[in-house]
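Undergrad: Sharing a structure here in structure tokens format.
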Amino acid sequence: MATTHRFNKRLITAVCLLPALTMAAEVHFAADAGVGASDNITRTVNGKSETMAQVGTQLTVTESSRRLALNLGADLSYIDYLGGTYSGELLGDVNANALLRFIPDNFEWALQESFGQTRLNLFAVATPANRENINTVSTGPRIKVSLGSALTLALNGNYARTDYQTSLLGTQRLGGDIGLEHTLSGDARLAVRASYNQVDPLSSLAGSSYSTQAAYLNYALKGALTNLNLDLGGSRVQRTGTTQTGPMARLSVDRKIGRSSTFSFGVGREFTDQGSLFGANGISSLGQALTPISNTQLNTQAINRSTAAFQHTSANLGWLIQGRRTSIRLSSVLSDDVYDGQAALDRRRWTTAAYLSRQFTARLSATVNASFGDDTYKLSGVGLRETGYGANLAWRVGRTIFIEAAYEGQHSQSQGAVQPLQALSSGVSENRVWLKLRYSGDGAR
């Protein structure tokens, strides 16, 4: 329990300190409190009903000035299980990125914080008894030295640490990269880069140390309508007595279509580990942080129970339509992980989600959402398939006060002998209803 309190205290301190770095930032704040009921809080065949009390906060902070660039998104909820089935828990996510510009474009310092949850047992559904917090912090300098009108030497250092609330899976990473960058035009840049990272488990019980190296070409384009980043090269993992090599390729594209639509696409293959992958992706999206998310599962991740490096292949699609009264978000991610010498951990994941919000009148708005996830371990065929769905209706009773009614549902179905579902083809379901009072500092949802 003391570990949990220290873990949450560090998180709250980080969330409070980052906005305090600037007084000129754009800040959006919301908070809510309410009561809810579940018909199967344990998510078992013979489930148990439960009543809950909840308080939550959503915060976004953005700042871009000569001395500071800051993006912070936080969506946190504390849930108390009034019937005593579980102890109260803090759920949600935080993703923060800050760049301190001591000498703009020449000497800067980067900081990143990512917080969320993962399942203790990936073969079981997410419940308060099968969940723990995970937190990744990284920091380091960014140095650029001009070698001419179009050529720049870039040096980056980084220290990162990943901590788990209870599991002995924490790691620390120390490394950096060096690159020569050539400016092709005002919007494009070509670079050759090399990187090195040493990864050490924080516990001797969590595995062995190893290092990763990569050399690659990078092409980056930042335009009015299109942002593109491409890495092509090779990488390797060095362990005691063994070396594994493979290609490294990463492509990400964001394309603005019209005034209100943005399309995103990405593919990649690289060596990574669960902690650094979690920190690199983050969980919270700055543009989504003021949108209430499901209190049933929130953003509980399925992070493999290993500190080892693996080859990660992924593809993702996203589409955002932001209208004056209607917003639509669609996303889909497919990934395939392969561990050297640990075939039992090889797995394939597919997740997809959809979200729709509509402002019917100045006082009445509604949202609906749906998600699907399929997680399969390739060697055994064992896995978990989950479908989520929900709806929210909000009535504005004052300039900044809303009354909300919400429904959330989750259906979990096993593939193979997954506890506690016992390979039942029908699976298990949970339904929740909520009644909440919400304050929104900018007077909008």
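What follows is calculated from the coordinates using simple rules that are stated; it is not laboratory data. All values derive from a computational prediction rather than experimental measurement. Note that each Cβ is placed from the backbone with ideal geometry, even for glycine, and that neighbours are counted across all protein chains shown.
Undergrad: Out of the DSSP beta bridges found with both residues in the chain, what percent are antiparallel (nearest 5)?
TA: Working: 239 of 240 bridges.
About 100 percent, rounded to the nearest 5.
Undergrad: Continuing with the same structure: Assigning unit charges at the beta carbon (Lys, Arg +1; Asp, Glu -1) and nothing else, what dipole magnitude in debye, to the nearest 20, does segment 2-440 show about its Cα centre? Before the final figure, lay out each step's value.
TA: Details: 40 positive and 32 negative charges, 170 e Å.
Here segment 2-440 has a charge dipole of around 820 debye.
Undergrad: Please list 3J(HN,Hα) in residue order for segment 90-99, calculated via the Karplus relation 6.51 cos²θ - 1.76 cosθ + 1.60 where θ = phi - 60°; whole Hz, with x for glycine and proline.
TA: Using θ = phi - 60°, the values come out as 9, 10, x, 8, 9, 9, 10, 10, 10, 10 Hz.
Undergrad: Residues with amide H under 5 Å of G223's amide H, sequence separation 5 or more or different chain, H placed in the peptide plane at 1.01 Å from N; which?
TA: L228
Undergrad: For segment 2-440, please report how many Lys pairs fall under 29 Å Cα to Cα, leaving out neighbours fewer than 8 apart on the same chain. Don't jump to the answer; show the numbers that get you there.
TA: Working: K9/K436; K48/K436; K144/K222; K222/K256.
Counting lysine pairs in segment 2-440 gives 4.
Undergrad: Semi-axes of the equivalent ellipsoid of the chain: what are they in whole Å, largest first, if each equals the square root of 5 times a C-alpha gyration tensor eigenvalue?
TA: Computed over the chain, the values are 35, 29, 21 Å.
Undergrad: Each residue of segment 351-359 in order: what ³J(HN,Hα) in whole Hz does its phi give by Karplus 6.51 cos²θ - 1.76 cosθ + 1.60, θ = phi - 60°, with x for Gly and Pro?
TA: 10, 9, 8, 9, 9, 9, 10, 9, 9
Undergrad: Considering the options T226, Q415, H312, tell which one lies farthest towards the positive end of the dipole of the chain, charges being +1 on Lys and Arg and -1 on Asp and Glu at the Cβ, about the Cα centre.
TA: Most positive-ward Cα: T226.
Undergrad: Quickly rank 88-96, 348-356 as a protection proxy: mean count of other C-beta atoms within 10 Å, highest first. Provide the component values of the computation, followed by the final result.
TA: Values: 88-96: 21.0, 348-356: 16.3.
Packing order, densest peptide first, comes out as 88-96, 348-356.
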